[in-house]
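The values are calculated or read from the model by the stated rules, or taken from the named source; none is laboratory data. Keep in mind it's a predicted model, so treat the numbers as computed, not measured. Heavy atoms of the whole protein, side chains included, go into the accessibility calculation; ligands, DNA and RNA do not. Shrake-Rupley method; radii C 1.70, N 1.55, O 1.52, S 1.80 Å.
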Amino acid sequence: ATVTPVLVGDLAKNGQPYADLVVPYLRDPTALVVISSDFCHWGQRFRYQPFVRESNISERIGEMDMEGVNAICALDARAFRDHLKRTKNTICGRNPISL
């Protein structure tokens with residue numbers, strides 16, 4: 001087996017050329033593609049505190065993250081982009097996920 005790590009950085013608003021490179025591997029039934037990401041980075045340190053006045057912050061973050069996970073699991077790229085735009089969720093793996 002061969003392992004080929006791929007690092008995806010900023011897609012400069014047009015990830016299509018990169019997606020075109022990856023699609024053949026995604027369509028290959030013998031290939032295993034692993035995309036790893038953590039989700040919300042919350043707090044002053046990350047300049048992201050949308051729920052600062054609420055007592056159930058971790059619950060709200062979990063709900064928000066699950067909305068993103070559900071879009072990913074449904075293979076709904078538009079819903080994932082809309083989620084990011086609306087929530088500004090700090091999903092650091094958004095670029096490889098978006099491919």
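Taking the chain as the reference, fit the longest principal axis to its C-alpha atoms, fit the long axis of helix 16-27 to the helix C-alpha atoms, and give the angle between the two in degrees, 0 to 90, nearest 10.
Taking Cα atoms only, the helix is inclined about 70 degrees.
How much of the accessible area of region 1-82, probe 1.4 Å, is carbon plus sulfur, in whole percent?
Answer for region 1-82: carbon and sulfur cover 54 percent of the accessible area.
So what is the relative contact order of the chain, in percent, for Cα pairs below 8 Å that sit 6 or more residues apart?
41 percent
For the chain, find the longest principal axis of its Cα atoms and tell me its angle to the long axis of helix 57-73, 0 to 90°, nearest 10.
It works out to around 20 degrees.
Rounded to the nearest angstrom and ordered from largest down, what semi-axes does the equivalent ellipsoid of the chain get from its C-alpha gyration tensor (root of 5λ)?
29, 14, 13
On a 0 to 90° scale, report how tilted helix 77-87 is relative to the longest principal axis of the chain, with both axes built from alpha carbons and the result rounded to the nearest 10.
30 degrees
Rolling a 1.4 angstrom probe over the protein heavy atoms, how many square angstrom per residue are accessible across region 1-81?
Heavy-atom SASA per residue in region 1-81 reads 85 Å².
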